[in-house]
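Contents: one structure, followed by commentary.
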Amino acid sequence: MKYTAPSSTDPRARPTPFTFYPPKNNSLVTWLVQMGIRSSIRRKLRVTEIEISDDDLETLRRLKGERCLLTPSHSGGFEPHIIMYLSKLLGEQFNFVAAMELFERSRINRWLMPRMGVYSIIRGAVDRQSFSMTRQLLASGKRRLVIFPEGEAIWQNSVVLPFQQGVFQLAFKGYQDAEKETGPTHLYCVPIAIKYTYLQDMHGEIDASLTRLESKLDLSNEASKATRYRRLRQIVESVVAANEKANDFKPAAESDLGDRAEQLKLHAIRHLEQKLGLTPTNRQTMLDRIRALFNAVDHIVHEEPSGSEYERQLATERQNAVKEHYDALWRLLQFSALHDGYVKKSMTFERFLDVLCLLEMEVCKERKIWGPRMARIKVGQPVDLKDHISDYNSDKRGTLQAVTMLLETSVSKMLEDLETECQLVSDTAENSVG
């Protein structure tokens, strides 16, 4: 299925055909996936227990038959599995929005995902068919729709990325579409927090990861005699120094480790922006700029070459060249998660291993998933857009910002509350721990 976007001065919205994978809801396929999802979660995520209170399940059950947008946290990367399990608990089948690259990974994905109720979106593009499908599904209300408003997963389970307002703009438009058909109605946005906690002592796994990273980075044997937190900082400092050298970048004099990491990230961002012809605004945060870079690359990679045979050849060559930026962007995203206070703020197994996971991905090119773990699900107070539509009609920008922040804050607060269940790391040298 194709569409042609209207012309625009924004190069990311120029007229270009895009592939769109619509949902092909198949109850049998979805039921079979639901039957196997618990085993998959246990095997792939090392999540042996899933916890949700009866009260939270009842909150969701009371909304059955209502127009409903579920907005879960997405910090671990595997949250769609958990939400699929939640749909099984509720005896329902959901629709999901997923990034285009998930469909293009394999023919199996392109066949299976739409039949599970998943449809595609190209980030950073005027993906009109995806936007239209979102509004249609919300207006009809036949299935709950799941959208992860953070957009990206940075694998820090105690952090919520800023929610993207475009998600809730589509929700308001879906409400207005429904209101035209039925008159005043309801459309509930439901904040959901998903927190992974370890079910056993993880000091051995932490020490093994520290040792593995120290070996890869040729850190001295003396490093292993330091406290765990000090060893972690030495590893991060070594990674930052190696990237400074690789990028021929010299930090400002007297910069501490946090400053050096920030300067290095900004240097890499500016380099990619220059290559892709992007000009940041003063209002954009570092994460906004990384998202804009991802969007620009996604747009180029997923656009369908058009024109003469030669023009298509040039476009394909450009796509292949731009694909190489993905590695740098994922490194940037991982580096954006490495900040000085994350572990120091609360030295839990979860936070410590979050950072070690990012470092293992960067240094060892392997994502470690430790366990056994429990996935804890919390459901916040649903936000009914009916209560905000009058304000939205008179002040779209202000109301959109307020509703987005309301849901983001709810998810962040629930994750914070769930952190009280986490066990603290003993910050001693490895050889002093029995």
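The values are calculated or read from the model by the stated rules, or taken from the named source; none is laboratory data. The structure displayed is predicted, hence computed values, not measured ones. Every residue, glycine among them, receives a Cβ derived from its backbone with ideal geometry; neighbour counts consider all protein chains shown.
Things to note:
- Candidates Ser120, Ser106, Ser130, filtered to the one that is among the small types (Gly, Ala, Ser), surrounded by 19 or more Cβ atoms within 10 Å (Cβ to Cβ), under 30 Å from Ile50 (Cα atoms) and not assigned by TED's automatic domain parsing to the domain that holds Val297: Ser120
- Within region 342-431, helices (runs of 4 or more DSSP H) holding 3 or more residues that are closer than 24 Å to Ala153 by Cα and touching a residue at least 24 places away in the same chain (Cβ under 8 Å): 349-363, 396-418
- Of the criteria (1) of a type in the set (A, V, I, L, M, F, W, C); (2) over 25 Å from the mean Cα position of the chain (by Cα); (3) not in a helix (DSSP H, G or I), which one Leu278 fails: (2)
- Considering region 214-228, the residues that are under 20 Å from Gly341 (Cβ atoms) and either touching a helix residue (DSSP H, G or I) at 6+ places or on another chain (Cβ under 7 Å) or of a type in the set (Gly, Ala, Ser) (or both) include one that is surrounded by the most Cβ atoms within 10 Å (Cβ to Cβ), namely Arg228.
- In the set (1) buried (at least 20 other Cβ atoms within 10 Å of the Cβ); (2) outside the structural domain of Glu49 (by TED's automatic domain parsing); (3) not charged (D, E, K, R), the condition left unmet by Cys189 is number (2).
- The helices (runs of 4 or more DSSP H) falling completely within region 100-175 that include 3 or more residues that are touching a Gly at 6+ places or on another chain (Cβ under 6 Å) and touching a residue at least 24 places away in the same chain (Cβ under 8 Å) map to 128-140.
- Ser39 satisfies every condition listed in (1) closer than 21 Å to Gln381 by Cα; (2) hydroxyl-bearing (Ser, Thr, Tyr); (3) part of a helix (DSSP H, G or I) except (1).
Rundown of residues vs (1) among the hydrophobic types (A, V, I, L, M, F, W, C); (2) within 25 Å of Gln176 (Cβ to Cβ); (3) at pLDDT 95 or above, yes/no style:
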{"site": "Phe20", "(1), (2), (3)": "yes, yes, no"}
{"site": "Leu32", "(1), (2), (3)": "yes, no, yes"}
{"site": "Lys44", "(1), (2), (3)": "no, no, no"}
{"site": "Asp54", "(1), (2), (3)": "no, no, yes"}
{"site": "Ser75", "(1), (2), (3)": "no, no, no"}
{"site": "Leu90", "(1), (2), (3)": "yes, no, yes"}
{"site": "Asn95", "(1), (2), (3)": "no, yes, yes"}
{"site": "Ala99", "(1), (2), (3)": "yes, no, no"}
{"site": "Arg115", "(1), (2), (3)": "no, no, yes"}
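- Among residues of region 170-225, those that are more than 18 Å from Asp427 (Cα to Cα) and in contact with a strand residue (DSSP E or B) (Cβ under 8 Å, 6 or more places away or on another chain), counted: 18
- Single condition Arg143 does not satisfy, out of (1) at pLDDT 95 or above; (2) under 30 Å from Leu276 (Cβ atoms); (3) of a type outside the set (S, T, N, Q): (2)
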